[in-house]
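> Questions regarding the structure given below will be posed in turn.
The values are calculated or read from the model by the stated rules, or taken from the named source; none is laboratory data. Quantities reported herein were computed from a predicted structural model and do not represent experimental measurements. FYI the Cβ positions are ideal-geometry reconstructions off the backbone, even for glycines, and counts take in every protein chain you see. To get the accessible areas, we keep the full protein, side chains included, count just its heavy atoms, and leave off ligands, DNA and RNA. Shrake-Rupley method; radii C 1.70, N 1.55, O 1.52, S 1.80 Å.
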Amino acid sequence: MVRFFLVLLSVVLTSLIAWSPYPALAVAQTPTAVAPEQPAPASTPDSTAAPPTAELTAPPQATALDLYKQLNAIAAQAFQATNDGDFRTAEEYWTQIIEKFPQTAAAWSNRGNAKVSQNKLQSALADYDKAIELAPEAPDPYLNRGTALEGLGRWDDAIADYNRVLELDPKDPAAFNNRGNAEAGLGKWEEAVADYKQATELARDYAFANANYALALYQIGKQDEAVSKMRNLVRKYPKFADMRAALTAALWNQGKQGEAESQWVSAVGLDSRYKDIDWLKHNRRWPPAMVAAMEKFLNLKSSV
């Protein structure tokens, strides 16, 4: 999305220089107004000359570059608010850009992202629709809209958006990962596995695509392969709570209680939400087999 926004910044700057609806951006300078000369008295030979005329100086005007810098500064604040988890403030900054530059598709799409992070999904869809209207060949708004559609359980509509992304950019790993998520929502686990695998091949360091691939493998019965991938991810990313929690459940189910408990201490120390089965089902959206393994672990551990 940062990439998309930077491209749109360049487009805005170019359009402002090429054509401007605002007088402040006109290429020609505003002519100065000159007071008309007063005629000298004809019958007074010793009269002094008329005083020089005064020029009316126009106030300094903003240039296209000034507006570009202003837009860039507000966007930087919006991204910083997002990084800080202050999505309401981020939304307000994107709104400021939209009010000044309503044709900036990236601002609409990014405001939609801020709304999704606040669970304002329907409102986010309206922003994504506008972004797509303004930039129908840009893949990011379709990708983002697909995420909102997933949040609403509209799996088929989300898949249609991810398919559109892949038409525009056939090697977008996020589109393959997200399409796998939507297919998982429909219970199409074999298709999800194929998409997650493709995402990991396109971006080998894409941690969540690798995690989703491991979880989906567990769901279709390839548990040994899944555990192997989970171990590799924990080794590579020691603070990856999702995989430590998954490895906990999988190892416990294999009868490796000691190792499972060790992984669990690390997992909940990083993120306590993994104790919540409802969160795992509906927010993180683990596969049913993985949720069942975790539920078994939690129930048996609590009874000890």
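> Between residues in the stretch 122-134 that are open to solvent by less than 60 Å² (accessible area, probe 1.4 Å) and residues that are β-branched (V, I, T) and at pLDDT 95 or above, which pairs lie under 7 Å by C-beta distance while being six or more apart or on different chains?
Matching pairs, first to second residue: A124/V116.
> From the set of residues in the stretch 91-113 that are open to solvent by 50 Å² or more (accessible area, probe 1.4 Å) and touching a Leu at 6+ places or on another chain (Cβ under 8 Å), which is farthest from E137 (Cα to Cα)?
Result: K100.
> Residue under question is A174, and the condition is that it be under 21 Å from the mean Cα position of the chain (by Cα), within 26 Å of I132 (Cα to Cα) and assigned to a helix (DSSP H, G or I); does it hold?
Details: under 21 Å from the mean Cα position of the chain (by Cα): yes; within 26 Å of I132 (Cα to Cα): yes; assigned to a helix (DSSP H, G or I): yes.
Judged against the criteria, A174 is a match.
> Then there's this: Scan the stretch 211-222 and tell me whether some residue there is in contact (Cβ under 8 Å) with a residue 40 or more places away in the chain, among the hydrophobic types (A, V, I, L, M, F, W, C), surrounded by 15 or more Cβ atoms within 10 Å (Cβ to Cβ) and farther than 23 Å from D156 by Cα.
no
> Can you find a residue in the stretch 255-268 that is under 31 Å from the mean Cα position of the chain (by Cα) and under 18 Å from G180 (Cα atoms)?
No, because not a single residue in the stretch 255-268 is under 31 Å from the mean Cα position of the chain (by Cα) and under 18 Å from G180 (Cα atoms).
> Restricted to the stretch 258-275, and to residues that are of a type in the set (S, T, N, Q) and open to solvent by less than 60 Å² (accessible area, probe 1.4 Å), which residue is nearest to L247 (Cα to Cα)?
The initial filter retains those residues of the stretch 258-275 that are of a type in the set (S, T, N, Q), namely 262-263, 266, 272.
Of the ones still in play, those that are also open to solvent by less than 60 Å² (accessible area, probe 1.4 Å) are 263, 266.
Details: Q263: 7, S266: 11 Å.
The residue in question is Q263.
> With respect to the numbered conditions (1) assigned to a loop (DSSP other than H, G, I, E, B); (2) crowded, with 16+ Cβ neighbours inside 10 Å, which one is the sole condition not fulfilled by T248?
Here T248 meets the rest and fails (1).
> Please state which of the following conditions E137 fails to meet, knowing it meets all the rest: (1) open to solvent by less than 60 Å² (accessible area, probe 1.4 Å); (2) among the acidic types (D, E); (3) in contact (Cβ under 8 Å) with a residue 24 or more places away in the chain.
Of (1) open to solvent by less than 60 Å² (accessible area, probe 1.4 Å); (2) among the acidic types (D, E); (3) in contact (Cβ under 8 Å) with a residue 24 or more places away in the chain, only one is false for E137: (1).
> Taking D84 and the conditions (1) open to solvent by 60 Å² or more (accessible area, probe 1.4 Å); (2) on the phi > 0 side of the Ramachandran plot, which numbered condition does it fall short on, given that it satisfies the others?
(2)
> Pick out the one residue from V116, V165 that is open to solvent by 30 Å² or more (accessible area, probe 1.4 Å), under 18 Å from the mean Cα position of the chain (by Cα) and touching a residue at least 24 places away in the same chain (Cβ under 8 Å).
Values: V165 fails: open to solvent by 30 Å² or more (accessible area, probe 1.4 Å).
One residue alone meets the criteria, V116.
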